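**Student:** Let me begin by handing over the structure; questions about it come next.
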Amino acid sequence: MLIDVSPPPAGARNPAATALMRILVVEDEPRLLRSLAKALREAGYAVDTADAGDEGLHKATTYDYDAVVLDVMLPNLDGWQLLEKLREEKQTPVLMLTARDASRDRVRGLDTGADDYLTKPFDLDELLARLRAIIRRSAGQAKSAIQLGNVTLDTRARSVTRDGEAVTLTAREYAILEYLALHRGEVVSRTTLYEHLFDETDDTLSNLVDVHVFSIRKKLGADVIATRRGQGYCVE
C-alpha cells in the first residue's frame, strides 16, 4: 500500500518557523519508512527510524523522544506489544498507524496506551497536526498559543510575536524556544536540547545551543530564557 506523504508545495510552510523535535518512526515497510522520515525531516523534525518492533522498543526506551509514530503490524514485536512494554517505562506520546480500520483495533490501541490513532492511507498534514496535538497535550499545553510575558509562541502556526509584532527565528532558535516553553518551569540541560535538535543521522555537537540562546535573547529580550549555571536553561 502506497501512502502519499509527499511534502506540501513550496511556499506552503515557512522553513524558518518549523519546529525541531525528535520523533521515532517505527514502520516495517521500507518505502513508506523512508518517505515518512523524509517528509517529517522536511517538516522540521529530527527523526530516528526502526523497521522492527524489537529495535523500536530498544530505541523508544533508551532515548527520550517527543513522540513515537508506531505501525501496528511489525516483525519480532507488534505495535501493541511494543506499546504495552513502552508504557511500563515511559509515557512518551504515541501516534499509532495501521491499515486496520475496525473500531476494535482502534479501541485496543487506545486502551493499550496510544495517544492517538491514524488509519492508512493518511494525509501528511493531518499526521503533522496530530503529532503537534499529542506533544502539546503531553506537556499540559492544550492550546496552540503559549504566552511568555510579552512574547507569544503559536505552535500551530510556528510563529513568534513580541508585543504583537512578528519576530523571525531560525528553525533551531524556534525549536529551542518551543521545547523550553512546553517544559515551562523545568530546567532543561544542554544535553537534552541537543538530543531534541539532532537525530541519528547527525554527528554535530558543539556550543550551538549557547549560540542560539544568545540569538533568541537578542530578538526577544534577555529575560525570556533563564540560565541555571551548571544545569541548563529554563523558561519561567
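**Student:** Scan around residue 148 for amide H atoms under 5 Å from its own, H built in the peptide plane at 1.01 Å from N, and keep only partners 5 or more places away or cross-chain.
**Tutor:** Distant-sequence amide H within range of residue 148: 153.
**Student:** While we're here: Taking θ = phi - 60°, what integer Hz values does the Karplus form 6.51 cos²θ - 1.76 cosθ + 1.60 yield along the stretch 217-231, in sequence order, with x for Gly and Pro?
**Tutor:** 5, 5, 7, 10, x, 5, 9, 5, 10, 9, 9, 10, 3, x, 10
**Student:** I would also like to ask the following. Can you list residues from other chains, or at least 5 along the same chain, whose modelled amide H is less than 5 Å from the amide H of residue 25?
**Tutor:** 48, 49, 50, 69
**Student:** Additional query: Using θ = phi - 60° and the Karplus curve 6.51 cos²θ - 1.76 cosθ + 1.60, what whole-Hz ³J(HN,Hα) does each residue of the stretch 75-87 get, with Gly and Pro shown as x?
**Tutor:** x, 6, 8, 6, x, 5, 5, 4, 4, 4, 5, 4, 5
**Student:** Still on this structure, I have one more. Highest first, please rank the peptides 108-119, 221-232 by the mean number of other Cβ atoms sitting within 10 Å of their residues.
**Tutor:** Values: 108-119: 17.5, 221-232: 13.2.
Descending mean neighbour count gives 108-119, 221-232.
**Student:** Separate question: Whole-Hz ³J(HN,Hα) for each residue in the stretch 173-186, computed from phi via Karplus 6.51 cos²θ - 1.76 cosθ + 1.60 with θ = phi - 60°, x for glycine and proline: what do you get?
**Tutor:** In residue order, the calculated couplings are 4, 4, 4, 5, 5, 5, 4, 5, 5, 6, 10, 4, x, 9 Hz.
**Student:** May I pose another question? Residue separation times 0.36 nm, minus the C-alpha to C-alpha distance between residue 52 and residue 154: what's the value?
**Tutor:** Details: separation 102, 0.36 × 102 = 36.72 nm, distance 3.53 nm.
So the extension gain works out to 33.2 nm.
**Student:** List the residues whose amide H sits under 5 Å from the amide H of residue 122, counting only those 5 or more places along or on another chain, with H placed 1.01 Å from N in the peptide plane.
**Tutor:** For residue 122, whose amide H was placed from the backbone, the distant partners under 5 Å are 4.
**Student:** Tell me which of 97, 40, 114 sits at the most positive position along the dipole axis of the stretch 15-138, charges placed on C-beta atoms (Lys, Arg +1; Asp, Glu -1).
**Tutor:** 40
A short reminder: the numbers here are calculations on the coordinates, not readings from a lab. Worth saying up front: this structure is predicted, and the values here are computed from it rather than measured. So basically every Cβ, Gly included, is an ideal-geometry build from the backbone, and we count neighbours across all protein chains shown.
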